[in-house]
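K.L.:
One structure, pasted below without further comment.
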Amino acid sequence: MHETIALAKKAGKNLLEPEALRLFSDYSLPVPPYELAETKKEAVEAAERFGYPVVLKVVSEQVLHKSDIGGVKLALGSKAEVERAYDEITESVEKKVDGAVISGLLVRPHLKKGIECIIGMTLDPQFGPAVMFGLGGIFVELLKDVSFRVLPMRRPDAERMISETKGYELLKGMRGERPKDIPALIDCLLRTAEMVEENPDIREIDINPLAVYEKGAAVLDARVML
Amino acid sequence: MNPLDAVFNAKSVAVVGASQNPEKTGHIILRNIIDGGFGGEIYPINPKGEEILGARCYSTLSEVDGEIDVVVIVVPAKFVPGVMEEAGKKRVKGAVVISGGFSEIGNEELQEEVVRIAAEHGVRVIGPNCQGFNYTPNHLCASWPLVRKQGPIAVISQSGTVGATLEMWAEDDEIGISSFVALGNKCDVSETDLIEFFAEDPNTKVISLYIEGVKDGRVFMDTVTRARRKKPIVVLKPGKTHKGMRAVQSHTHSIAGKDEIFDAVCKQTGIVRANDITELYDYSKALGFLKKPAGNRLLIVTSSGGCGIIATDTAEEGGIDIVGLSDGLKKSLTEALPSQCVVQNPLDLTGDTPAERYKESVEIALAEGKIDAFLLIFGDPIPGACEVVKDLKSRTKKPIVVSYLGGGEIEREEGKRLHQNGTPVFQTPERAVRALCVLLSSL
């Protein structure tokens, strides 16, 4: 069992985003650099180290859907913008979520969107852990264009679960677009599967979005429920 | 040896609750065992009877001198534990509990008692609350309706009616079944035990499954993965919609997981998933009779232009290649066929064609060698279809699928003979093509 899971389990909590990201890094999922800032000063220092623009996100046990309550600010281009975002996020979260305890703000470089994919994991009452894949936005929400595989999962399973979605055409490159890094996406699916197999306490994973680029991919947001 | 072998290949059967009354299940099952031609010993058990259907009646199981392999139990639920105890002492190998009144109405305790007694004596239990089993190679129809025709399909079903429907279609079509087993409440014998048995059963070529839920998901996956190396498996599992799932729960109390997950399980294990009873039958038929073609190039030979088009659309949608004819093949066909024939794919022999013309055309196409499978569509009454296909089958191992329609009495006769000859016949071209798609995607 991974250390972050052991600790969270002991405390009877789910993983906070930085903990989930640490877990993912240890399973070689493509996690972009990030820092947890506990003060405004630390947030600015982190932003300066990464270089602008950056993203700020609230980290709090009580907050499940960060964007809905003003807990995320994207594309912050200067020190002043980071400082203002810091205040706005803390104020908004404290106002909108009763008794929210803010552990800090996660700072990371603002990355290109690429093609937004989703990797999920759920527990089926009959077949146990299953990994889900789909493209973000309307593909998942409107078209329900997702695929599943039950564990254990092998490389051909991962390949097919991508190619059987309609969104696959987009990943291959449509209308003159260059193809995206599908092998990197396959690795992400297999590493997620491996992580789930080695940590049976995980009940649910939601990597949304996972940005897929022409070269490589990046976990831009992650939730892990125990 | 699989412990269920002693059940299916039983040499003696007792029916506890056998009845004189022809309307009672205890009468019908006994009659089906007798009329089905079971060659072993048959013991009706009923304290009140002296003789039922010409067989000597015994008042209890212990009164029987000889060995009993299988006991079919048709008495009210509360008497079942007592009968099971007696059966255990008699060293019976398997019990089929037809009676209802157990976990399906919340009577879990009674069911557990039966399971406990059976386990103590090493008796395997099918049911309770089920429609029994039929194993044609042993002429043992401990079920209803009476179906005798032996064939390649083993039907395992959580619904008596779905199973019986497949049995009857297969009999009417002269295809037959190797077996039908009703799962009922699955208190002991489950779908995986049966899949394991039929995977090894030399009389079964394809396993056809109707389930509403599985007993244990992981065991199911492991079992079908192993079984798939030996035989194809087709499954119909309903409960795709929200309300369908609710109906599943009230019918068999199965846990209905997400349908997408079961779909994934099918893809990962290579099980063919059918969407309805017709598909379950069609796919079982195709997989029971034919081997997977080497490629996806199909030649359609038809007497009906319209049906050729329908087949073409279905094929294109399903990833089958309605391959263009080479110049050489076109030339040979044009030389051999009358001028009204449309020489392309689909190859339209037109309405007045005799069966011989199909043979000629396929032989010419076979010589060219660039086709992997054939669909012969016989529209209208064309006698001799069976002879032609039989002849072609002796020349090629490539799959030949037939669709016969609009042919009245001749169609019915030819269809049966084609089935007897091991060629699947479908009533519509689209059903034939879909079955071919399944054949192609099978592992």
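The values are calculated or read from the model by the stated rules, or taken from the named source; none is laboratory data. As the structure is a prediction and not an experimental result, all values here were calculated from the model. Positions of Cβ are generated from backbone atoms using ideal geometry, with glycine treated the same way; all protein chains shown enter the neighbour counts. Surface areas here come from the heavy atoms of the whole protein model, side chains and all, with no ligands, DNA or RNA. Shrake-Rupley method; radii C 1.70, N 1.55, O 1.52, S 1.80 Å.
K.L.:
With r defined as the distance between the Cβ atoms of residue A:182 and residue B:394 and R0 fixed at 51 Å, what FRET efficiency is calculated, to the nearest 0.05?
P.N.:
My answer for the efficiency is 0.60.
K.L.:
Residues of the range B:237-280 with accessible area at least 20 Å² lower in the all-protein-chain context than alone (1.4 Å probe)?
P.N.:
Going by heavy-atom accessible area, the residues of the range B:237-280 that drop by at least 20 Å² are B:255, B:257, B:258, B:260, B:261, B:264, B:265, B:267, B:268.
K.L.:
What percent of all Cα-Cα pairs in chain B falls in each 20 Å bin, counting up from 0?
P.N.:
Using 20 Å bins, I get a P(r) of 25, 47, 23, 4, 0 for chain B.
K.L.:
Relative contact order for chain B: what percent, with Cα pairs under 8 Å and sequence separation of 6 or more?
P.N.:
Reported relative contact order: 10 percent.
K.L.:
Need one number: % antiparallel among DSSP beta bridges in the range B:87-200, to the nearest 5.
P.N.:
45 percent
K.L.:
With a 1.4 Å probe and all protein chains left in place, how much accessible area per residue does the protein assembly as shown have, in Å²?
P.N.:
43 Å²
K.L.:
From the alpha carbon gyration tensor of the range B:291-440, can you work out the equivalent ellipsoid semi-axes (sqrt of 5 times each eigenvalue) and give them in Å, largest to smallest?
P.N.:
Each semi-axis is the square root of five times an eigenvalue, giving 20, 18, 15 Å.
K.L.:
For chain B, modelled as a GNM with alpha-carbon contacts under 10 angstrom, which of B:157, B:403, B:332 fluctuates the most?
P.N.:
Top of the fluctuation ranking is B:332.
K.L.:
Moving on to the next point. Give me D for chain A in µm² s⁻¹, whole number, from Stokes-Einstein with Rh from the Kirkwood sum over alpha-carbon pairs, 10 °C and 1.306 mPa s.
P.N.:
87 µm²/s
K.L.:
Among B:184, B:264, B:227, which residue has its Cα positioned farthest towards the positive end of the charge dipole of the range B:147-289, with +1 placed on the Cβ of Lys and Arg, -1 on the Cβ of Asp and Glu, and the dipole taken about the Cα centre?
P.N.:
B:264
K.L.:
Quick one: which residues, 5+ away or cross-chain, put their amide H under 5 Å from the amide H of residue B:210? H built at 1.01 Å from N.
P.N.:
B:156, B:157, B:158, B:236
K.L.:
Once you've got the GNM for chain B with C-alpha springs shorter than 10 Å, pick whichever of B:175, B:33, B:309 has the biggest mean-square fluctuation.
P.N.:
The residue with the greatest mean-square fluctuation here is B:309.
K.L.:
Let me ask something additional. Can you list residues whose amide H is under 5 Å from residue B:95's amide H, if they're 5+ apart or on another chain and H is modeled 1.01 Å from N?
P.N.:
Excluding prolines and chain starts, which carry no amide H, the hits are B:71, B:124, B:125, B:126.
K.L.:
Provide the solvent-accessible area of residue B:396, counting protein heavy atoms only and rolling a 1.4 Å probe, rounded to the nearest 10 Å².
P.N.:
For residue B:396, solvent-accessible area is about 20 Å².
K.L.:
With θ taken as phi - 60° and the coefficients 6.51, -1.76 and 1.60, list the Karplus ³J(HN,Hα) couplings across the range B:46-55 in order, rounded to whole Hz; mark glycine and proline as x.
P.N.:
For the range B:46-55, the Karplus-derived couplings read 6, x, 8, x, 10, 8, 10, 6, x, 9 Hz, x marking Gly and Pro.
K.L.:
What does the accessible area of residue A:112 come to, in Å² to the nearest 10, when a probe of 1.4 Å is used?
P.N.:
Per-residue accessible area (residue A:112): approximately 150 Å².
K.L.:
Expressed in whole Å with the largest first, what are the equivalent ellipsoid semi-axes of the range A:93-134 derived from the C-alpha gyration tensor as the square root of 5 times each eigenvalue?
P.N.:
Equivalent ellipsoid of the range A:93-134: 30, 22, 9 Å, largest first.
K.L.:
Take the Cα pairs of the range A:178-224, get the Kirkwood Rh, then feed it into Stokes-Einstein at 10 °C and 1.306 mPa s and tell me D in µm²/s.
P.N.:
After rounding, the answer is 139 µm²/s.
K.L.:
Report the dimensions of the protein assembly as shown along its three principal axes from the alpha-carbon atoms, largest first, rounded to Å.
P.N.:
Reported extents, whole Å, longest axis first: 98, 78, 37.
K.L.:
So what is log10(I(q)/I(0)) for the range B:147-289 at q = 0.09 1/Å, when the Debye sum runs over its Cα atoms only?
P.N.:
-0.23
K.L.:
Next question, about the same structure. Kindly provide log₁₀ I(q)/I(0) values, in the same order as q = 0.11, 0.21 Å⁻¹, from the Debye equation applied to equal alpha-carbon scatterers of the range B:1-142.
P.N.:
-0.34, -1.34
K.L.:
In whole Å, how far is the Cα centre of the range A:111-186 from that of the range B:114-150?
P.N.:
Going from one Cα centre to the other spans 45 Å.
K.L.:
Using r as the Cβ-Cβ distance of residue A:164 and residue B:50, and R0 as 51 Å, what FRET efficiency do you calculate, to the nearest 0.05?
P.N.:
0.20
K.L.:
Counting GluC sites (Glu not before Pro) as exposed when in a DSSP loop with at most 16 other beta carbons within 10 Å, what is the longest stretch of chain B free of them?
P.N.:
With a cap of 16 other Cβ atoms within 10 Å, the longest stretch comes to B:175-443.
K.L.:
Now for a separate question. Just which residues of the range A:131-171 lose 30 Å² or more accessible area with every protein chain there, against their chain alone, with the probe set to 1.4 Å?
P.N.:
Residues passing the criterion (a loss of at least 30 Å², heavy atoms only) are A:148, A:149, A:150, A:160.
K.L.:
So if I take the centroid of the Cα atoms in the range B:266-341 and the same for the range A:9-82, what is the distance between those two points in Å?
P.N.:
Rounded to whole Å, the Cα centres lie 56 Å apart.
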